[in-house]
1. What do you reckon, is GLU148 open to solvent by 90 Å² or more (accessible area, probe 1.4 Å) and acidic (Asp, Glu)?
2. When you go through (1) among the hydroxyl-bearing types (Ser, Thr, Tyr); (2) under 15 Å from GLY72 (Cα atoms); (3) outside any strand (DSSP E or B) one by one for SER150, which number turns out not to apply?
3. Name every residue in segment 121-134 that is part of a strand (DSSP E or B) and either out of contact with any Lys or Arg (no Cβ under 6 Å at 6 or more places or on another chain) or open to solvent by 70 Å² or more (accessible area, probe 1.4 Å) (or both), in order of residue number.
4. From the residues in segment 110-130 that are without any contact (Cβ under 8 Å) to a residue 12 or more places away in the chain and among the hydroxyl-bearing types (Ser, Thr, Tyr), which one is nearest to ARG70 (Cα to Cα)?
5. Of all residues in segment 88-113, which are under 17 Å from GLU136 (Cα atoms), part of a loop (DSSP other than H, G, I, E, B) and not hydrophobic (A, V, I, L, M, F, W, C)?
6. Within segment 97-109, track down each residue that is open to solvent by less than 50 Å² (accessible area, probe 1.4 Å), within 17 Å of the chain's Cα centre (by Cα) and without any contact (Cβ under 8 Å) to a residue 40 or more places away in the chain.
7. Could we say that ALA140 is within 15 Å of the chain's Cα centre (by Cα) and not in a strand (DSSP E or B) here?
8. Name, by its number, the condition in (1) hydroxyl-bearing (Ser, Thr, Tyr); (2) without any contact (Cβ under 8 Å) to a residue 24 or more places away in the chain; (3) on the phi < 0 side of the Ramachandran plot that does not hold for THR139.
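The values are calculated or read from the model by the stated rules, or taken from the named source; none is laboratory data. Quick caveat: nothing in here was measured; it's all calculated off a predicted structure. As a convention, Cβ positions derive from the backbone with ideal geometry for all residues, glycine included, and neighbour counts pool all protein chains shown. Side chains are part of the model used for accessible areas, which takes the heavy atoms of the whole protein and leaves out ligands, DNA and RNA. Shrake-Rupley method; radii C 1.70, N 1.55, O 1.52, S 1.80 Å.
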Amino acid sequence: MRVPHRSGIAALVLASAACSPSPSDNQAAANIEATIAENQSSDAARGLPKSDAPNPVRAARTLPPAFLGRWGITPADCDFSRTDTKGLVTVFADKLSFYDSTAKIDALTHRSQYKVTADLIFTGEGRTWTKRAALELVTAGTALLRTEQSPAATYRYERC
């Protein structure tokens, strides 16, 4: 069954209010608001978002798909059979996983589809710390640069 869009329902209610004897304009407006509210509640009950706008919390903490995957500083870091891949980083949509730590994305600023600045919350080896880092895809997306602040450091990874 096709569910009419909220604005279509509002237009339908307005059109029917204009074509037939109706209560006062205030009552017609109240009817429209009630219809829209009812449809929004129905959408929420079906698990649909209340609007077509993206979820700002999710968007602010999710890396673009081109960044996702396994990246290594050396070719040996990409070898699945090795257990000493200290230069490997696995990039997920919401975190970066290193050899001895994980960095959860706390905030993300998109500079372009190939460059972001991330506020990261690291945990590992019994400690927690924060860092800001720029992540940039270079060499046609085959290399990832991670540039950290305080202290400044740049790491270059190749896609595994």
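1. Values: open to solvent by 90 Å² or more (accessible area, probe 1.4 Å): no; acidic (Asp, Glu): yes.
Answer is no for this residue.
2. (2)
3. Just the residues of segment 121-134 that are part of a strand (DSSP E or B), to begin with: 121-124, 127-134.
Passing the criteria: PHE122, THR123, GLY124, ARG127, THR128, TRP129, THR130, LYS131, ARG132, ALA134.
4. This residue is SER112.
5. Scanning segment 88-113 gives ASP94, GLN113.
6. Quick first cut of segment 97-109, residues open to solvent by less than 50 Å² (accessible area, probe 1.4 Å) only: 97-98, 101-103, 105, 107-108.
Now restrict to residues that are within 17 Å of the chain's Cα centre (by Cα): 103, 105, 107-108.
Of everything in segment 97-109, just one residue is open to solvent by less than 50 Å² (accessible area, probe 1.4 Å), within 17 Å of the chain's Cα centre (by Cα) and without any contact (Cβ under 8 Å) to a residue 40 or more places away in the chain, namely ALA103.
7. Working: within 15 Å of the chain's Cα centre (by Cα): no; not in a strand (DSSP E or B): yes.
Answer is no for this residue.
8. Answer for THR139: the failing condition is (3).
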